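K.L.:
First, the structure itself, so that you have it in front of you.
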Amino acid sequence: MFDERELSNPCSSWMHCNTLICLGDVLSLHAFLGKVVVQELCRRQLQNLLPDHKILLLIRPSKDKTAAERFTRITKAICFSKLEDTWQDLVQVIEGDLCTPDLGLQRDVYADLARRVTHIIHCAASIDFDLPLQEATRSNVDTSMNILELARKCPNLRQLVDTSTAYVSTCQEGTIAEELAPIPMNMSPSQLHYSIQKGLIDEAELLASSGHANTYTVTKCLSEHLLFEEYGNVPVTVVRPSIISAAQEYPFPGYIDSYAAMGGFISLFGSGFLHVIEGDPTASFDVVPVDFVASRIIEESQLAVYSEDRQTSTRKGSFKLVHCVAGLKHSISTPDFRRIGLDYFANVKSTRKPFWAYTGPRDWRYYWYKWTSQTIPLQLATWFFAAIQNKAMSKQMTIIKRGIEKVDATFPYFCLHTFDFATERRIDGGFASIEYIRVMIQGVHRHLLRRELYVE
C-alpha cells in the first residue's frame, strides 16, 4: 500500500532521535491510531526503514495501575503480534498526564524530556462526540497547548505533529480546503478558549452558532486555531484524517480494536440490531485505513530525513494543515456498503441475521421503521431477560441500546452529505474501496464481535 523505497536508505549521518508519542489512555478505544503509529515506528526501525530512535511513550496511569503496568498489558495486543520480540526495547514509558501543566511530570523529569526530544507526535484525544464542552476542551485543546509548551522548550525539536480531524470544517458544499475553518462565536481563539474554561459559553449556543454537530469537532477546530496563533518558533503540522477504520496492510489487513465510528456501526449492523439510519441513501463517506493515517503522520514527522547536518539553533517556526483522506474517487458509497455488509453477515452463524430497513430523512418513515425493527424488539428482549433474571444478557441489551443511541446522535452528520476534501496526497491509486469494505467488515467481525484483540 505504501511506497517505502524512499525511506529505505539508512545512512551513517543519522543522529539518534527521541520521538515522544502522546497516547494518553493506551487501553481506551481512542488509542487505536496511536497504537498503530507505535507499531509502524517499531516495524520500520526494525526493518532499517527509519533511523535509530527511542520511542518515548507518554501514558496516563489509571486508578489502580501505573503507566508501566498499563503498557505491559497493551504489549499483548494483537496490534504488535507481528513484530520481533525485541520491539519493546525501542520503547521507554513515561508516566504523565497531558491535561495538566508540565504534563504532570516532576520538574527535573520534564526538563530532561525537553532536552531529549527531537520529534513529537500527538495522537491523544477524546473522540466521544457527546462530551460536555469543558471536558472536550480539556481533552482536545488543553492537551495540544500543553504539548506545544513542551515543544517550545525542546532545543533539538525538529517537528511537532498534531492529529485533528477533517471534519473541523462545517462546509458541506464544494471542496473543503486545507485551511483553518472559521472560528465560532465572533471571538479570538484565546478568548473563546478562556470563556469555555471559565464556563462562560453555553454549549448549545456554541454548536448552533458554529454549525458543528458535536463538541469533538468544534474543540478540534479551536485547537487548530490556537496552535496557529501560538506556534512561534515551533514547526507544527496538523494532520486531519477523515473517518479512520480498519488497517489495509499493517499490522495486518482488517486490524481494528475500536468501536468508534465505523467499528460501532458495523458491529451493531452485523449483529442484527441496527436497521435504520438518518442519511442520504446515495451519499458516500470518506473512510481511510488506520495504517494509511499512521504512515502520513510518520511522514509528516520528518523522521526519515533527520540528519546531523541540520542546525537546531536556526530552527524556524512553521504551521501546516494536511488532509489525510480517501477522496471522492475512493469514498465508500452507502449502497455498496449495505450490499456487501448484508452479503457477508448472511453467511455468518448468528441468532440474528442482519437486514436493512431504512436510510433517509428523519420523517414518519424513519420513526416507523425504527420503532418496528429496532426499538420495540430490543425493549421486548430487555424485558424478557430481566424477567428470567439473566443479568448478563440484560446488561448486553443495555449496552446495545446505548450503542444505537450513540449512532443515532453522531452518524447522521456523516451520512447526510458527501464531503469533498481537497488534498495533494490522496490514498494510493491501487486502493479499491469495494475490497476495502470487505476488509473492514471482516476485521470488525473478527476483532470486535469475536473479541480477538489480545495474544494470551
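K.L.:
Being closer than 25 Å to D130 by Cβ and touching a residue at least 60 places away in the same chain (Cβ under 8 Å) narrows it down to one of T423, T418, T382, so name that one.
P.N.:
None of the other options fit; the residue is T418.
K.L.:
Also: Which residues, counting only those in the stretch 387-444, are surrounded by 16 or more Cβ atoms within 10 Å (Cβ to Cβ) and either more than 22 Å from V288 (Cα to Cα) or of a type in the set (D, E) (or both)?
P.N.:
S394, M397, I400, K401, G403, I404, D408, D420
K.L.:
Looking at I74, I94, can you tell me which residue is among the β-branched types (V, I, T) and at pLDDT 90 or above?
P.N.:
I94
K.L.:
Just one of (1) surrounded by 19 or more Cβ atoms within 10 Å (Cβ to Cβ); (2) at pLDDT below 90; (3) farther than 13 Å from I147 by Cα; (4) not hydroxyl-bearing (S, T, Y) trips up K63, so point out which.
P.N.:
For K63, the exception is condition (1).
K.L.:
What number of residues within the stretch 123-153 satisfy the criterion of being under 13 Å from the mean Cα position of the chain (by Cα) and aliphatic (A, V, I, L, M)?
P.N.:
The qualifying residues number 3.
K.L.:
Can you find even one residue in the stretch 376-399 that is of a type in the set (V, I, T) and assigned to a loop (DSSP other than H, G, I, E, B)?
P.N.:
yes
K.L.:
Starting from residues that are among the β-branched types (V, I, T) and farther than 27 Å from Y358 by Cα, keep the ones in the stretch 382-430 and report whichever is modelled with the highest pLDDT.
P.N.:
I388
K.L.:
Please go through the stretch 314-350 and pick out each residue that is farther than 23 Å from Y231 by Cβ, more than 20 Å from the chain's Cα centre (by Cα) and not in a helix (DSSP H, G or I).
P.N.:
Those that are farther than 23 Å from Y231 by Cβ, more than 20 Å from the chain's Cα centre (by Cα) and not in a helix (DSSP H, G or I): S333, N347, V348, K349, S350.
K.L.:
Turning to a different aspect of this structure: In the stretch 354-375, is there at least one residue being in a helix (DSSP H, G or I), within 22 Å of V287 (Cα to Cα) and in contact with a Gly (Cβ under 8 Å, 6 or more places away or on another chain)?
P.N.:
No; the residues of the stretch 354-375 include none that is in a helix (DSSP H, G or I), within 22 Å of V287 (Cα to Cα) and in contact with a Gly (Cβ under 8 Å, 6 or more places away or on another chain).
K.L.:
Any residue in the stretch 113-127 that is more than 21 Å from R138 (Cβ to Cβ) sitting within a Cβ distance under 7 Å of a residue that is charged (D, E, K, R)? List the pairs, counting only those 6 or more apart or interchain.
P.N.:
As it stands, the answer is A114/K153; T118/R158; H119/R158, since those pairs meet every condition given.
K.L.:
Also, quick follow-up: Tell me which residues, restricted to the stretch 393-425, are of a type in the set (K, R) and in contact with a helix residue (DSSP H, G or I) (Cβ under 8 Å, 6 or more places away or on another chain).
P.N.:
Result: K401, K406, R425.
K.L.:
Restricting the first residue to the stretch 330-348 and requiring it to be in the same structural domain as V444 (by TED's automatic domain parsing), which pairs with a second residue that is exposed (fewer than 15 other Cβ atoms within 10 Å of the Cβ) and aromatic (F, W, Y) meet a Cβ separation below 9 Å and a spacing of at least six or different chains?
P.N.:
Pairs found: L342/F355.
The values are calculated or read from the model by the stated rules, or taken from the named source; none is laboratory data. Keep in mind that this is a model prediction, so the values were computed, not measured. Please note: Cβ atoms are built from the backbone with ideal geometry, for glycine as well, and neighbour counts cover all protein chains shown.
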